[in-house]
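Report on the following structure.
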Amino acid sequence: MINLTINGQAHELDVPDDMPLLWALRDVVKLTGTKFGCGIAQCGACTVHLDGTAMRSCVTPVSGAVGREITTIEAMSDDKVGKRVQQAWLELGVAQCGYCQGGQIMTATALLKQNSKPDASEIRDAMNGNLCRCGTYNRIFAAIEQVSDTEEQS
Amino acid sequence: MSKSHDSLLLANVSRRRFLKGLAVGSALVVAARWDLAFAEEVKYGAEAMPGGWVDNPNVFISIDGNGTVTVINHRAEMGQGIRTSLALVAADELGADWDRVRVEQAEADQDKYGNQNTDGSRSMRHWYEPMRRAAAGARQMLEQAAANQWGVPVEEVETRVQEVVHKGSDRTLGFGELAAAARVLDVPARENLTLKDDSQLRYIGRETGLVNGELKNDNSRPPAIDGEDIVTGKARFGADVQMDDMLYAVIARPPVLGARVKSLDDTKAKNVPGVVKILQTEGTDMPAGFNPLGGVAVVAENTWAAIRGREALSINWDLEAAGDNASYTSEAYRQTLEQRAESSGKTVRESGDVDKALENADQRVTATYYMPHMAQAPMEPPVAVVRIKNGKAEAWAPVQHPRAARDGIAAVLGIDLENVTVHQTLLGGGFGRKSKPDFVIEAARLAKEFEGRPVRVQWTREDDIRHTYFHAVSVDRLDAALDSDGKATGWLHRTLSPSIGSLFAEDPKHKGDFELGMGFNTMPFDIPSIRLENPKAAAHTRIGWFRAVYNLPHAYAIQSFAAEMAEAAGKDHRDYLLELLGEPRQINPEKFEDGWNYGENPDIYPIDIGRMRAVVERATKEADWGKESAKGRGLGLAMHHSFVSYTAIVLDVEVDDSGEVIVHRADIAFDCGQTVNPERIRSQLEGACVMGIGIALHSEVSFKDGDTEQTNFDRYQIPRMVNAPREVHVHLVNSGKDAPMGGVGEPGLPPVAPALCNAVFAATGKRIRRLPIGNQLS
């Protein structure tokens with residue numbers, strides 16, 4: 001049995017130690033906001049937070065997540081920064097198909113929590129591991145800048 | 001011949017083409033429906049699509065007692081925003097408040113909803129008018145219900161937002177109060193419908209949201225239907241379908257097209273915890289249509305167990321069954337096509353005397369261009385769930401063409417169409433990949449083995465890159481004659497690509513009309529002598545639609561070559577391009593042999609040189625064409641007409657000392673005629689620009705001995721944020737009501753790669769004749 005804390009709740013899962021957290025979340029816990037895109041940490045669609053840091057859940061075995069706070073896109077509305085990121089996403093109409101956007105928001109939120117005023121190259125560096133086949137990068141960039149710009153007022 | 005073949009062909013070929021094609025015995029037409037082929041009437045647009053259009057308000061619009069308006073969306077949502085945009089049309093005409101509108105997704109039912117095949121950039125241009133009429137009908141039924149209740153003539157009532165008002169007495173009744181009475185009234189006859197005047201429209205055509213980096217501070221901007229669900233992780237894509245008792249499967253497919261399982265050792269795989277069953281699944285020989293490749297399926301209790309089980313399989317493949325596909329190697333194939341491009345092939349268009357023009361030329365320009373295979377690679381790989389119970393099949397899948405999925409399931413199970421239900425989910429990207437329902441048919445085959453239990457087939461990214469229906473590899477060779485003033489007097493273009501027709505009939509080895517018509521035989525330049533040829537090219541893997549399809553290589557070659565001609569002539573590229581286009585005039589694409597006009601009426605949708613010139617002029621003006629660029633930096637221009645829309649793009653590109661390409665700015669002039677939701681049009685053009693940059697820079701699937709050399713995003717590279725332009729400006733041209741509506745999803749893509757290559761030339765002096773650029777600049 002694997003004991004995980006996901007979005008503040010304790011879960012006991014009957015899964016092998018090496019099952020990637022991605023598949024445990026999706027197939028076992030039935031939290032499907034975290035997406036499968038590549039399985040080899042190349043696309044970022046599966047991004048979750050482990051103790052606040054953005055991690056690729058497709059290459060993180062469940063055993064590596066034991067004892068850590070796992071946060072998924074489903075809990076981002078409860079996160080102060082995450083909520084603002086979501087709002088910026090909506091205001092700027094970032095998403096097209098939307099499949100990768102949960103992962104994008106998780107990476108962007110982790111960035112902004114660590115660095116509330118990232119410059120252009122810091123944004124690109126942080127986001128470059130998240131692929132979007134629809135090509136929404138300009139709006140993702142603009143949304144992150146918008147959250148960053150409104151930091152003082154919040 | 002399965003029914004899906006019929007719907008495919010009908011979707012892509014107008015009826016006149018059938019009649020014409022029959023006369024020459026084209027291989028593609030053999031697969032067509034004879035009853036329609038013999039129909040005399042030529043139909044265009046939505047009218048010519050299988051299932052046609054439907055404008056019955058009771059099919060698309062319902063209102064509950066609280067006044068909540070439900071709009072049925074029957075097209076696939078894959079990021080183009082159609083669930084929002086079509087509902088906006090309905091809400092506007094009806095008089096609904098956007099906050100009271102919800103959207104429900106239709107099942108696959110072409111007889112009820114009309115055509116649902118979401119490709120060809122058709123959704124809005126085919127459905128704008130039927131949706132306006134459906135909503136106008138619903139509004140008039142509400143008005144009649146109110147008039148009946150008040151006992152007044154219907155002329156005395158009018159609809160405002162969410163309510164009907166009696167003009168004489170200012171009495172009002174809300175939509176919710178009228179809904180039950182309105183529902184049972186007769187649907188107004190089409191000729192009795194009155195559409196709203198433009199001045200009464202609140203949503204259609206209005207600019208909202210992000211416009212070239214600036215947020216229109218407009219509180220009444222209608223939020224996207226799925227926006228909130230997407231940012232909170234609640235949106236349900238095909239991959240997210242959850243059902244009790246579900247089984248999860250992955251399939252080991254033949255590494256080479258046509259290979260079969262010779263022997264299988266599944267001992268180790270069976271011992272992987274969670275693996276339930278391992279079974280061989282049937283493949284179909286080419287031409288297979290949309291039928292799957294077959295292979296060995298591992299069915300398990302979760303996806304991870306299925307993946308581990310597949311890794312533990314030991315399969316010996318019979319490559320002999322694959323014939324010469326087993327020696328298919330991209331480098332050799334490229335050389336073969338390039339060699340073949342040196343000699344004449346099937347002539348598809350000819351005017352004047354090109355040979356003489358080339359012979360008498362003061363200057364000749366010759367170039368050969370190569371575009372590789374590419375995978376669509378939607379972020380959501382193919383995935384489908386099917387459950388079979390008591391002779392009925394039910395599927396949940398992200399499909400662009402739900403009817404083809406339904407047909408395919410019925411055929412493979414040998415059951416009637418009525419016993420197959422296909423539930424359309426959101427698509428995590430499509431780009432043409434999900435117009436082929438092979439993955440749904442795979443799930444149906446497996447579900448048959450587990451009566452009553454839902455079975456999900458999950459494609460991994462490796463499956464997707466290795467086994468998609470690839471964008472056709474292509475070689476285009478061009479030869480131009482210039483006179484002493486640099487003016488073009490002759491144009492010889494040979495294009496070679498395997499055809500999508502190879503899926504449906506014995507490999508035709510020539511492009512079909514719907515492929516040539518994508519910017520090849522519709523080449524618009526005003527040159528006295530023109531010959532266009534299409535020599536043979538055989539298919540050695542599955543070829544299929546990729547966003548904008550054959551427009552990609554045609555635009556890349558023609559727009560690169562026009563720049564090379566300008567250079568040879570010593571003229572400015574923009575001026576030369578306008579000279580090649582010639583005076584404003586209208587061309588009927590059907591006058592060419594094998595002409596094709598995206599299924600649209602050439603009287604309404606001629607190729608309009610004036611509109612082409614206008615987008616070139618606008619994009620170059622906005623980009624400050626002619627300005628001085630710093631060393632290592634330059635502007636590149638390209639234009640293209642596709643899906644009855646017009647696009648020109650200028651890219652401002654820097655190539656740094658290490659050969660890295662940085663796109664500083666994109667100026668895109670786009671004319672798709674009348675617009676409905678400019679905000680989503682802009683987003684489509686921005687996205688197409690990014691995808692096109694990826695096509696130019698690094699997207700390639702190459703084959704070695706019949707298998708792909710790339711299997712995931714580590715080597716099959718698609719654009720990342722760093723590749724996106726630092727600024728994108730989209731300039732909508734001619735967006736008023738006067739110009740007919742054109743496509744949006746695809747036409748932004750074809751000119752991007754040639755514009756980038758032309759900019760690279762401006763920056764470095766190096767011509768890119770082979771895509772992707774890869775490390776050619778380092």
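All of the numbers you see were taken from the coordinates with simple rules; none came from a lab. Predicted, not measured: the structure shown is a model, and the values here were computed from it. Note that each Cβ is placed from the backbone with ideal geometry, even for glycine, and that neighbours are counted across all protein chains shown.
Here are the numbers for the structure shown:
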read-out	value
Gain upon complete extension [B:ASP198, B:GLU320; 0.36 nm per residue less C-alpha separation]	37.5 nm
Burial ranking of peptide ranges B:431-443, A:47-59, B:165-177 (average Cβ count within 10 Å, highest at the top)	B:431-443, A:47-59, B:165-177
Options A:HIS49, A:VAL28, A:HIS11, ranked by Cα towards positive dipole end of the stretch A:2-74, top entry (Cβ charges)	A:HIS49
Computed over the protein assembly as shown, the ratio Rg/Rh where both radii use C-alpha atoms and Rh is Kirkwood	0.96
Descending principal axes extents, the stretch A:76-148, alpha-carbon based, whole Å	27, 27, 17
Convex hull per residue volume in Å³, alpha carbons only, for the stretch B:215-324	188 Å³
Debye, to nearest 20: dipole size of chain B, +1 on Lys, Arg Cβ, -1 on Asp, Glu Cβ	980 debye
Per-residue mean of C-beta atoms belonging to partner chains within 10 Å, peptide B:677-685	2
Computed Kirkwood radius, in angstrom, where 1/r is averaged over Cα pairs of the stretch B:547-684	16.4 Å
Taking the C-alpha atoms of the stretch B:436-571, convex hull volume expressed per residue in Å³	127 Å³
Listed residues B:GLY490, B:GLY345, A:TYR99: farthest to the positive end of the dipole of the protein assembly as shown (Cβ charges)	B:GLY345
Debye log10 I(q)/I(0) at q = 0.24, 0.29 Å⁻¹ for the stretch B:613-676, Cα point scatterers	-0.95, -1.17
Cleavage-rule hits, GluC sites (Glu not before Pro), the stretch B:237-322, DSSP coil, Cβ neighbours within 10 Å at most 14	B:GLU282
Backbone HN-Hα couplings from phi across the stretch B:665-670 [Karplus 6.51/-1.76/1.60, Hz, Gly and Pro as x]	7, 10, 10, 10, 9, 10
Derived scalar couplings ³J(HN,Hα) [the stretch B:637-653; Karplus, 6.51 cos²θ - 1.76 cosθ + 1.60; whole Hz; x for Gly, Pro]	10, 7, 9, 7, 9, 7, 6, 6, 10, 10, 10, 10, 9, 10, 10, 9, 10
B:GLY582 long-range amide H proximity, modeled H, under 5 Å	B:ASP526
Magnitude of the charge dipole, the stretch B:501-554, Cβ model with Lys/Arg +1 and Asp/Glu -1, debye to 20	160 debye
Counting all C-alpha pairs of the stretch B:153-251, share separated by more than 18 Å (%)	73 percent
Reference-scaled alpha-carbon Rg (2.2 N^0.38 Å with N residues) for chain A	1.01
Cβ-placed point charges (K, R +1; D, E -1), dipole of the protein assembly as shown about Cα centre in debye, nearest 20	860 debye
Cα gyration tensor shape of chain B, rounded if a/c is under 1.5, else prolate or oblate by comparing a/b with b/c	oblate
Amide N proximity, the stretch A:10-24 versus A:MET1 label position 7 Å along Cα-to-Cβ, cut-off under 19 Å	A:10-19, A:24
Amide H contacts under 5 Å for B:GLU727, placed H, 5+ residues apart	B:ARG665, B:ALA666
Amide proton proximity set for B:VAL261, modelled H, under 5 Å, gap of 5+	B:ASP318
Stretchable slack from B:VAL722 to B:ARG190, in nm (0.36 nm times residue separation minus alpha-carbon distance)	186.3 nm
Shielding by other protein chains, B:300-311, mean Cβ within 10 Å	4
Listed residues B:GLY274, B:TRP317, B:LEU257: farthest to the positive end of the dipole of the stretch B:252-346 (Cβ charges)	B:GLY274
Rg to Rh quotient for the stretch B:632-725, alpha carbon positions, Kirkwood Rh	1.04
Dimensionless Rg over Rh [the stretch A:2-74; C-alpha; Kirkwood]	0.91
For A:ASP51, net neighbour charge (Lys/Arg +1, Asp/Glu -1) across residues whose Cβ lies under 9 Å away	0
Using θ = phi - 60° and Karplus 6.51 cos²θ - 1.76 cosθ + 1.60, couplings along the stretch B:364-370 (whole Hz; Gly, Pro as x)	10, 10, 9, 7, 10, 10, 10
